[in-house]
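First comes the structure, then the notes that go with it.
Taken together, the values in this text are just the output of simple stated rules run on the coordinates, not laboratory data. This is a predicted model, so every value here is computed, not measured. Positions of Cβ are backbone-derived with ideal geometry, glycine not excepted, and every protein chain shown enters the neighbour counts.
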Amino acid sequence: MEKPPSPQPGDSTVAGRSPAFIARIAVPLVVLVSFAVLIFMRAASAWSLGGGSVLGYHRSADRAGQYVMRDLTWESAGQLRRDSGFDGTIEGHVYAQPLYWHPPGANVGLVVVATESNIVYALDATTGRVVWQRALGQPARRGDLPCGDIDPLGVTGTPVIDPTKGALYLDAMVKDGKGLKHLVFGLALRDGSVLKGWPVDVAAGVKALGTAFDATVQNQRGALVLAGGRLFVPYGGHTGDCGAYRGRVVALALDAPAVSGEWHTRGTRGGIWAPAGIVAAEDHLFVTTGNTSGAKSWADGEAVIRLSPELTRSSDRSDFFAPSDWQQLDSDDSDLGATSAVPITVHGRRLMLALGKDGKAYLLDRDKLGGIGGALEASAVSGAPILTAPATWADGDAAFVAFRSAAQLESCPGGGRGAGVTVLRIDGVGKGGIKSAWCRPMEGGGNPITTTSDGHSNRIVWIAGAERDDRLHGFRADNGEPVFSGGGDEDRMPGLRRFSTIVAANGRLYLAGDGKVYAFSLPR
């Protein structure tokens, strides 16, 4: 298939579509709730998950990564095949998770993907052909930066969709005549045009609040989130930890686009860089920070931080957790910041689970994080640093957490010393509450999701062997037995990047790699 032409900065194109089609996909998303739906809550949940849009990373702001695909069962999963008729040709490397947008009334949904070449694509979710594409400006090259391992550097963090506005929001590193800038864009999903008032220059907006922001050393790798009518963007640094960057959360107003708030670590570094980025639960935002530099007293690094939407700094022990050996973790670069802590519920109690580069899982009270050393339990769950975005689900009174481990514990059922998928069972809040449910060997650096056929049954853990076998893998969530092991030669997905994350929508599983979006489906 011929590669689409490269757009120039400022170009926006709508490929081969009538005005009527564009009008249809611009219809605002409306959620209809009826008394009958309330009665059949579980069925409603399944329909919502299966037929709705994927608006952000792991489908929801709690980053659970749960999807419903009614025809995808333990028995049928082995029939999955890469859709050879799906075009999916794009330009650029891809680290961000694709999104899926299908407002009511549209004949077709859109797979939306942003690349490191600073190009955003909307693809027909059935054919993979380009519906529109938008160039945001020249990305940074490796030589423009003091350190890093992404070249070029454009859009890295997963964008977020506002269904009420029909808008897509993202951060792009853009090089212009004045240097490098982090620009936050708002794009219309109907055609990719830049919305009025956007983009917002983050450094200029943060400076107006009285704080410095150096765009050359701050990188934007974590997923964005919408909460309380505002957009929140996390920032960390580049690979190599160059410069005096800080872990930051920047808030932006949507109606009159501008930076409206900012929080940063008191110590230098402490980046917020994990793929899942900012996690939202109840009325709070949760971020997980990396190692700080030269801190003699704790300065917000190696931590799970609970923030209000106003980003008010708090010294209350309920609003932060850090391991008691945070200084040693700082020294070893064995921080918590490589994985966003995720919310779970056990026996009705609201908890968070954090996973660290020290190979430990930390169980926290979500309402009272506990301060320094305040974990309810800490348990070794991996023989190597954990860098991932976990998927979570509940079964009865227990919570389950799936993640990729570079070295599984020998004690884990079904595992070994090598890399693979680990699933934890959390069924208590005291000592011994964190258990290994199962492990399975698998090479590759993707992040997991789960699918069910109805919101509960036939749960499958899916993960891609990114940067290794480049294949899709599926395991029964209850016992780890493989249900899909990558298919044939024609089912490989060259070009997947570490942290590649699957999206389940439109009866398909989608993944994005360098220059290509892939789709898997069952035979029709």
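Numbers below:
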item: Sequence of CYS439, CYS412, CYS242 once ranked by neighbouring C-beta atoms within 10 Å, starting from the fewest; result: CYS242, CYS412, CYS439
item: Karplus-derived HN-Hα couplings along the stretch 168-184 (A = 6.51, B = -1.76, C = 1.60, θ = phi - 60°), whole Hz, x at Gly and Pro; result: 10, 10, 7, 10, 10, 7, 10, 9, 10, x, 9, x, 9, 9, 8, 10, 9
item: Ranked HIS347, HIS93, criterion: other C-beta atoms within 10 Å, fewest first; result: HIS347, HIS93
item: Relative contact order [Cα under 8 Å, 6+ residues apart], the stretch 303-416, whole percent; result: 23
item: Relative contact order computed over the stretch 137-274 (Cα-Cα under 8 Å; 6+ residues apart), in percent; result: 19
item: Derived scalar couplings ³J(HN,Hα) [the stretch 464-472; Karplus, 6.51 cos²θ - 1.76 cosθ + 1.60; whole Hz; x for Gly, Pro]; result: 9, x, 4, 6, 10, 7, 6, 10, 8
item: Approximate spin-label separation ILE372-SER60, in nm, with each point projected 7 Å along Cα-to-Cβ; result: 3.6
item: Integer Hz, Karplus 6.51/-1.76/1.60 couplings in order for the stretch 304-311, x for Gly and Pro; result: 9, 10, 9, 10, 7, x, 7, 6
item: Rounded to the nearest 20 debye, dipole of the stretch 167-289 from Cβ charges on Lys, Arg, Asp, Glu; result: 260
item: The chain, helix-only ellipticity at 222 nm - DSSP H runs n ≥ 4, -39,500 (n - 2.57), divided by all residues, nearest 500; result: -2000 deg cm²/dmol
item: Amide hydrogen neighbours beyond the local backbone of VAL517, cut-off 5 Å, H modeled; result: THR89, ILE90
item: Footprinting exposure proxy for PHE520, PHE321 (fewest neighbouring C-beta atoms within 10 Å first); result: PHE520, PHE321
item: Formal net charge of residues neighbouring THR265 (Cβ-Cβ distance under 9 Å; K, R +1; D, E -1); result: +3
item: Distant-in-sequence amide H partners of GLY418 (H built 1.01 Å from N, under 5 Å); result: GLN408
item: Spin-label pair SER84/ALA212, simplified geometry with 7 Å Cα→Cβ offset, distance in nm; result: 5.9
item: Relative contact order of the chain, defined on C-alpha pairs under 8 angstrom at six or more residues apart (%); result: 14
item: Anchor LYS368: lysines whose Cα lies under 29 Å away (excluding residues fewer than 8 positions away in-chain); result: LYS296, LYS357, LYS360, LYS431, LYS435
item: Zone of ASP333's modelled label, taken as backbone nitrogen in the stretch 277-299 under 19 Å from a point 7 Å along Cα→Cβ; result: 289-295
item: In the stretch 137-274, lysine pairs closer than 23 Å at Cα, eight or more apart or cross-chain; result: 8
item: Segment THR164-ASP397, length gained on full extension (0.36 nm per residue, minus Cα span); result: 80.4 nm
item: 5 angstrom amide H check on TRP438, placed H, neighbours 5+ away; result: VAL423
item: Candidate values [x] 38, 28, 23; [y] 65, 24, 19; [z] 31, 29, 22, label of the one derived for semi-axes √(5λ) of the Cα gyration tensor in Å; result: [z]
